[in-house]
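The values are calculated or read from the model by the stated rules, or taken from the named source; none is laboratory data. Keep in mind it's a predicted model, so treat the numbers as computed, not measured. A quick note on method: Cβ atoms are made from the backbone with ideal geometry, for glycine too, and the neighbour counts reach across all protein chains shown. In case anyone asks, the SASA skips ligands and DNA or RNA and just uses the protein heavy atoms, side chains included. Shrake-Rupley method; radii C 1.70, N 1.55, O 1.52, S 1.80 Å.
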Amino acid sequence: MQVCEIFYSIQGEGQEIGQPAIFLRLQGCNLRCKFCDTAYSQEIKKKFEISTDKILKKIKKFPAKHIVITGGEPLLQQKELIPLLKNLKNYFIEIETNGTIKPIISQYVNKFNCSPKLSNAIKNNLTYDNLKSFPKEKTIYKFVVNTEKNIKEIKKFIKTHDLPKNKVFLMPQGKTTEEIIQRSKFLIEICKKELFRFAPRLHIMLWNNQKKI
Ligand code: SF4
């Protein structure tokens, strides 16, 4: 598998925020978002290929039984993930995905954190036909918000794709603590009015997204 990094931290966003978790960040992404906070994981570099056995060994050194598989876009390597997931049956498995790729590993996954990218992230209009293939009972939806203008687009998107509003999380766009805090304040007011859920991005606020162990 093409791995970018494996580290131990806490989940910094979404429904499982605060949960001690092992992060397995895979290389390669099919998108190039403007605000990508892990641009170093977008390209696949062969020298970072690691066997499933080695990954398992690393994972088992950490005390938590909770894994966040992220990227890049981890579903690009979902076939390769299957042997690993079969060996992690007593772990809670979260997948962070942009939602553009049809999942074939749902049976091994406890939670999909789908983060569709809208016009503040990417120029071309993406089609999200594969979103309906994610099991609704296991999926939450996260949107990164820059300004109030994004809210109209998010509301249209959740209507088009029939997403349950109580599973929609709005998160502030930003690459620094200051930017996250500044955008959180107006976003919380929007969540109170529209009944979306607010989620901060602790990993950026605390470690500028660079916490690795
Ligand atoms: S989908 Fe995620 S990893 Fe890929 S470019 Fe966009 S923000 Fe970065």
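Assorted remarks:
- Every residue from segment 35-48 that is within 9 Å of the ligand (Cβ to nearest atom) and open to solvent by 50 Å² or more (accessible area, probe 1.4 Å): Ala39
- Single match in Arg25, Arg32 (criterion: part of a strand (DSSP E or B), of a type in the set (Lys, Arg) and within 16 Å of the ligand (Cβ to nearest atom)): Arg25
- Residue match in segment 74-81 (condition: more than 13 Å from the ligand (Cβ to nearest atom), crowded, with 21+ Cβ neighbours inside 10 Å, hydrophobic (A, V, I, L, M, F, W, C) and within 25 Å of Ile17 (Cα to Cα)): yes
- Flag if Lys89 is open to solvent by 40 Å² or more (accessible area, probe 1.4 Å), without any contact (Cβ under 8 Å) to a residue 24 or more places away in the chain and closer than 19 Å to Phe23 by Cα: yes
- Per-region count, segment 108-161, residues among the β-branched types (Val, Ile, Thr) and buried (at least 20 other Cβ atoms within 10 Å of the Cβ): 6
- Tally, over segment 112-160, of residues that are more than 16 Å from the ligand (Cβ to nearest atom) and assigned to a loop (DSSP other than H, G, I, E, B): 3
- Verdict on Gly71 being within 16 Å of the ligand (Cβ to nearest atom) and at positive phi: no
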